[in-house]
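Peer 1: Here it is: the structure, laid out below.
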Amino acid sequence: MSKPAVHCALRIGALAVALAPLGAIPSAAGQADEWRAYAADKAGTKYTPLDQIDARTVHDLRVVWRQSTIPDDTRQGNTMRAPSASQNTPLMAGGLLYISTGLGMVAALDAATGHVVWFDAPPAREGQETARGFATRGVAYWTDGSDARVLAVLGSRLVSLNAKTGERDPDFGDGGEVDLIQGYDDRTVDRFRWRSAPLVVNDVVVIGSAIGDIINATMLALKEMPPGDVRGFDVRTGEQLWIFHTIAREGEPGNDTWLTGLNEDRASWEYTGNTNMWASPSADEELGYVYLPLSTPTGDYYGGHRPGDNLFAESLVCLDATTGERIWHFQAVHHGLWDYDFPAAPTLVDITVDGRDVKAVAITSKQAFTYVLDRVTGEPVWPIEERPVPRGDVPGEWYAATQPFPTKPPAYDQQGVTIDDLIDFTPELREEAIAMLDDDFRGDLVRVEDGDTSVRVWID
C-alpha cells in the first residue's frame, strides 16, 4: 500500500489493545498458535493453548500499546463521531491483527507495536463522500498456503482483501466486492446488514443476514418482512454457490410447519420473514458441515400471523458447506414468541459418553439451556424431552403444545420461580409478594413435589 494510504490509516485509526507480561515482548510472528477465526477456530471453542499468561504471570500484565477506534479527526470537513459500540474480536495471523474499525472498515495492525500496516477505505460512490459504515464483530481469514485473504462484510458488501497489503482482490466479485442485496431468489430485499463475522469453510464463505426484527409500537401488527436466508460464496471468485431458506418454502422439508392463519389467503411461509442467522456459525471442515444458529421469525413476540411450529426458526441447522444441502436440524423452540433465538456460535467438542466417543455440537440458549447433539447425525447426546407447556390467552395467537427440554447438562441459570425466590424481609412483605405473583398469573398457588425439591407452580 502506498505511503499516503498508510498515513490515512494512521489518522482514522482502529481499535486493539495488547497486554503482555513485564519483560521482553516476544515476536507475535514467532508464536506457535494464532487466532484465525472469530471464536479462535472454526469449531467455536474460544480457546487457545498458549500458556504465556497463567495464574503466576497474570498480575504482571501491562498495556504495551493502544489504537483508538476513531481518534479526533476530520475528513472532508466533517468531524467523525465515535461509534456507539465496539464489539470487535481481532484475528491474528502472520504477526498481524485484523480488525473491524469504528467506521465499519478493515485495518491490519502490527501485533507487537499496534502500528497500522494497511487500512481499507471503500471507494466513494459517484457524487458521494466515502460512506461511514458500522462496526462489525469481526472479519474472516483464509489462506491456501500461498495466498491469503481477509473477508469482511462492509455495509451491504462482501469484500476480499489481500492479507498482506490490504488491496482488494480484482478477481473477487466486482473489483473485490459482492453486493449482498442481490441473490435472495424471488424475495425482494432492499437493504442488507449483518454484523457478525463471516466463516470460511473449505473455500466457501458463509454469510448470514440480519433483517430488522426489533418490534416496537409502530410494528406490532407487522407480519411481512424479507427472509434472513444464509448463503455461501466462493472464496476466490465471490460467486454465490448456494442459498439456504431459513423459512422452508413450498416443496422443502419443514414447509408444512407454516400454516395458514385466520382470515389469510396465503400460507404464512409466503410472507413471513426474518429468521435470521445474526450470530456466527461454526464448522467441522473434516465432515464438511457448517452449523447455523437461527433466530425468531416476524414478529418476535406475536405469531398469530404464522401459526405452526415454523421451521427453521430458533433452530440449529447443519448444512453441507459445499452445496448448502440440509443434513439435519434441531428446533429448540416451537413457534417462538419470546425472542428465544440462539445468540452465540455453536461449540464443537469431542466427548466420551458411557465409553463411547462422540463428535458433539453444544449450543447455549437464552433460556440458560445447553443442547448437546451428535454433530454428525443431529441425535441428542442426552435425552431432550418434549414436555407439555401451558397455553396463553392472547387473541388470535397460536401456541405449541410441547417444547423440548434437555435433561443434561443442567440449566446454568434459574428456571422459573419458586416460593423460595420471593422476599421474606418481613411476614407482611412475604404475603404481599405471594399475593402479587398470584394476581399476575391469575391462578392458584399450589405445592408440587418434584423428587426431593419442593416448588411452587401456578395453574389456571
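The values are calculated or read from the model by the stated rules, or taken from the named source; none is laboratory data. All values derive from a computational prediction rather than experimental measurement. Neighbour counts are summed over all protein chains in view; Cβ atoms, including those assigned to glycine, are modelled from backbone coordinates with ideal geometry.
Peer 1: Pairs only if they're at least six apart or on different chains, beta carbon under 6 angstrom, first in the range 405-423 and more than 12 Å from Tyr371 (Cα to Cα), second surrounded by 13 or more Cβ atoms within 10 Å (Cβ to Cβ) and modelled with pLDDT under 95; list them, first residue then second.
Peer 2: Cβ pairs passing all conditions: Thr418/Val455; Thr418/Arg456; Ile419/Arg456; Leu422/Ala433; Ile423/Ala433.
Peer 1: So Thr352 passes all but one of these: (1) exposed (fewer than 13 other Cβ atoms within 10 Å of the Cβ); (2) polar (S, T, N, Q); (3) touching a Gly at 6+ places or on another chain (Cβ under 6 Å). Which condition number does it fail?
Peer 2: Checking Thr352 against (1) exposed (fewer than 13 other Cβ atoms within 10 Å of the Cβ); (2) polar (S, T, N, Q); (3) touching a Gly at 6+ places or on another chain (Cβ under 6 Å), the one that fails is (3).
Peer 1: Would you say Asp284 is at pLDDT below 95, of a type in the set (Asp, Glu) and within 19 Å of the chain's Cα centre (by Cα)?
Peer 2: On the way: at pLDDT below 95: no; of a type in the set (Asp, Glu): yes; within 19 Å of the chain's Cα centre (by Cα): yes.
Here the answer is no, as Asp284 does not meet what is asked.
Peer 1: Test of understanding: among Ala332, Ala279, Ala248, which residue is touching a strand residue (DSSP E or B) at 6+ places or on another chain (Cβ under 7 Å), modelled with pLDDT of 95 or more and among the small types (Gly, Ala, Ser)? Walk me through how you get there before you give the answer.
Peer 2: Numbers: Ala279 fails: modelled with pLDDT of 95 or more; Ala248 fails: touching a strand residue (DSSP E or B) at 6+ places or on another chain (Cβ under 7 Å).
Unique residue meeting the criteria: Ala332.
Peer 1: Just checking, does the range 136-143 include any residue being modelled with pLDDT of 90 or more and either in the same structural domain as Arg62 (by TED's automatic domain parsing) or aromatic (Phe, Trp, Tyr) (or both)?
Peer 2: yes
Peer 1: Considering each residue of the range 295-317, count those that are of a type in the set (A, V, I, L, M) and in a loop (DSSP other than H, G, I, E, B), and give that number.
Peer 2: Residues of the range 295-317 of a type in the set (A, V, I, L, M): 311, 313, 316-317.
Then drop every residue that is not in a loop (DSSP other than H, G, I, E, B), which leaves 311, 313.
Result for the range 295-317: 2.
Peer 1: Pairs under 8 Å by beta carbon, first residue over 15 Å from Pro380 (Cβ atoms) in the range 335-362, partner among the β-branched types (Val, Ile, Thr) and assigned to a loop (DSSP other than H, G, I, E, B), six or more apart or different chains?
Peer 2: Gly336/Thr296; Asp339/Thr296; Tyr340/Thr296; Tyr340/Val333; Asp341/Thr296; Thr347/Thr45; Leu348/Thr45
Peer 1: If a residue must be modelled with pLDDT of 80 or more and not in a loop (DSSP other than H, G, I, E, B), how many such residues does the range 23-74 contain?
Peer 2: Summing the residues that are modelled with pLDDT of 80 or more and not in a loop (DSSP other than H, G, I, E, B) in the range 23-74 gives 11.
Peer 1: Considering only residues of the range 229-283 that are outside any loop (DSSP other than H, G, I, E, B) and among the aliphatic types (A, V, I, L, M), which is surrounded by the most Cβ atoms within 10 Å (Cβ to Cβ)?
Peer 2: The first filter runs over the range 229-283 and keeps only residues outside any loop (DSSP other than H, G, I, E, B), leaving 230-234, 240-244, 255-257, 268-270, 274, 282-283.
Subsequent filtering for residues that are among the aliphatic types (A, V, I, L, M) retains 230, 241, 243, 283.
Working: Val230: 25, Leu241: 17, Ile243: 15, Ala283: 28.
The qualifying residue surrounded by the most Cβ atoms within 10 Å (Cβ to Cβ) is Ala283.
Peer 1: Moving on. Could you figure out which of (1) part of a loop (DSSP other than H, G, I, E, B); (2) closer than 26 Å to Glu286 by Cα isn't true of Leu337?
Peer 2: Every listed condition holds for Leu337 apart from (2).
Peer 1: May I pose another question? Do you know which residues across the range 397-436 are within 26 Å of the chain's Cα centre (by Cα) and among the polar types (S, T, N, Q)?
Peer 2: Across the range 397-436, the qualifying residues are Gln403, Thr407, Gln414, Gln415.
Peer 1: Still on this structure, please answer the following. Does any residue of the range 372-386 turn out to be loosely packed, with under 13 Cβ neighbours inside 10 Å, without any contact (Cβ under 8 Å) to a residue 40 or more places away in the chain and closer than 18 Å to Asp309 by Cα?
Peer 2: Checking the range 372-386: at least one residue is loosely packed, with under 13 Cβ neighbours inside 10 Å, without any contact (Cβ under 8 Å) to a residue 40 or more places away in the chain and closer than 18 Å to Asp309 by Cα.
Peer 1: Regarding the range 271-278, can at least one residue be identified that is more than 22 Å from Ala210 (Cβ to Cβ) and of a type outside the set (S, T, N, Q)? Show your work before the answer.
Peer 2: So the first thing to find is which residues in the range 271-278 are more than 22 Å from Ala210 (Cβ to Cβ), and the list is none.
No; the residues of the range 271-278 include none that is more than 22 Å from Ala210 (Cβ to Cβ) and of a type outside the set (S, T, N, Q).
Peer 1: Continuing with the same structure: Tell me yes or no: at least one residue of the range 218-240 is of a type in the set (S, T, N, Q) and at pLDDT 95 or above.
Peer 2: Yes - at least one qualifying residue is present in the range 218-240.
Peer 1: Still on this structure: Which ones in the range 370-386 are of a type outside the set (Val, Ile, Thr) and in a loop (DSSP other than H, G, I, E, B)?
Peer 2: Residues satisfying the conditions are Arg375, Gly378, Glu379, Trp382, Pro383.
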